[in-house]
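The structure under discussion appears below in the form of structure tokens.
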Amino acid sequence: MPLLKLHTSDFFFTDNHAVTVAERLPQPIFPIHNHDFYELVIVLRGNGLHIINDVPYYITCGDLFYINADDQHSYESVDSLELNNILYCRHRLSLLSDWQSLLPGDETHQEQRYWRLSVQGMSEIRPIVDALTKESMKSDKLSIQLSESLFLQLALLLKRYRHPPNSYQLADGQLLDLLMLALHAGIDKPFRLDDFCQQHSLSSRSIQTLFKQHTGVSVSHYLRQLRLCKAMAMLRQKTLHIGEISSECGFEDSNYFSAVFSRAMGVSPSEYRQRFR
Ligand code: RM4
Ligand code: NI
């Protein structure tokens, strides 16, 4: 099957628009494709599996991706997944700014194009995305310039509020941020929610409810999917033993890892690895 390619002319209102917003409320399953434009993906809620250039990411609220035109990506097994895609054409940006450093692109490794946004960051960017959505639906010159200036604000705010998935200095104690960070940073160790709650004097039941509201899944399910995604990415590097992968991904032993992996993927870890030989 030829690769699906999405074209600027099908998504942007005029040839002068550098930016447009594609709300996906929800994002349905979407096949592998690339584009002749770039996109920012901001995940609002729900969960799903986002595959970028064969690397799987289990995504949920607060995830941010900078997608290049040439990236091949798809959405699989979505569950009430909601996102905002901000589509842009680099060569149409006309405001003088350091776009190169604001919008990590082709020269930036994929790992550095995946970030997380804090609860605070998500709420600060919300009004800008809303304004941009409205502005970019107009076609006069002034509106097009305004859209681009809103896009610049958005790019700046994203740079201010984004943080690598596994490290972050929490300025305020948003519980969801705290838990997300603990999950992402502790992937290689066993995680016990009870210990986490005790450490932070939290009620386990209410944090679980909060988590489920935002992500659509339980803490343990989310963590298992993160671990499986990391394992899938590691299995593609043929130098590592299954046992090493299993412990780096926080599984207590490699038999248990193989069982969980096979149940989720329908193939064993080594069969999965064969696919990339
Ligand atoms: C799709 C999906 C794609 C995006 C297009 C514009 O629903 O989110 O990734 O490129 O919209
Ligand atoms: Ni896309």
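The values are calculated or read from the model by the stated rules, or taken from the named source; none is laboratory data. The structure presented is a predicted model; accordingly, all values stated were derived computationally and were not measured. Methodologically, a virtual Cβ is constructed for each residue, glycine included, from the backbone with ideal geometry; neighbour enumeration extends over all protein chains shown. Side chains are part of the model used for accessible areas, which takes the heavy atoms of the whole protein and leaves out ligands, DNA and RNA. Shrake-Rupley method; radii C 1.70, N 1.55, O 1.52, S 1.80 Å.
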Sum of side-chain charges, Glu148 neighbourhood, beta-carbon under 10 Å (Lys, Arg +1; Asp, Glu -1): 0
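If you stretched the chain out fully between Gln169 and Leu210, how much longer would it get, using 0.36 nm times the residue separation minus the C-alpha to C-alpha distance? Kindly include the intermediate steps, with their values, before the conclusion.
Numbers: separation 41, 0.36 × 41 = 14.76 nm, distance 2.14 nm.
Working it through step by step, the gained length comes to 12.6 nm.
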For the stretch 218-264, size of Cβ-based charge dipole, Lys and Arg +1, Asp and Glu -1, in debye: 240
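Quick one: dipole size for the stretch 166-277, taken about the Cα centre, charges +1 on Lys/Arg Cβ and -1 on Asp/Glu Cβ, in debye to the nearest 20. The partial results should precede the final answer.
Numbers: 13 positive and 10 negative charges, 111 e Å.
The calculated dipole for the stretch 166-277 is roughly 540 debye.
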14 Å cut-off, amide nitrogen to a point 7 angstrom out along Ser203 Cα→Cβ, residues in the stretch 209-223: 209-211
Distance in nm between pseudo-label sites at Gln120 and Arg263 (7 Å out along the Cβ direction from Cα): 4.0
Spacing of the two label points (7 Å from each Cα toward its C-beta) at Glu23 and Ser9, in nm: 2.8
Residue-level accessible surface for Thr14, protein heavy atoms, 1.4 Å, Å²: 40
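What relative contact order, as a whole-number percentage, does the chain give when Cα pairs under 8 Å and 6 or more residues apart are counted?
17
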Prolate/oblate/rounded label for the stretch 160-199 (Cα gyration tensor, a/c 1.5): oblate
Carbon + sulfur, % of accessible area of the chain - ligands and nucleic acids excluded, 1.4 Å: 51
Mean separation of Cα contacts under 8 Å (6+ apart) over length of the stretch 4-163, as relative contact order %: 26
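If the chain between Lys238 and Asp79 were fully stretched, how many nm would it gain, using 0.36 nm times the residue separation less the Cα-Cα distance? Mind dumping the intermediate values first?
Details: separation 159, 0.36 × 159 = 57.24 nm, distance 3.16 nm.
Gain in length upon complete extension: 54.1 nm.
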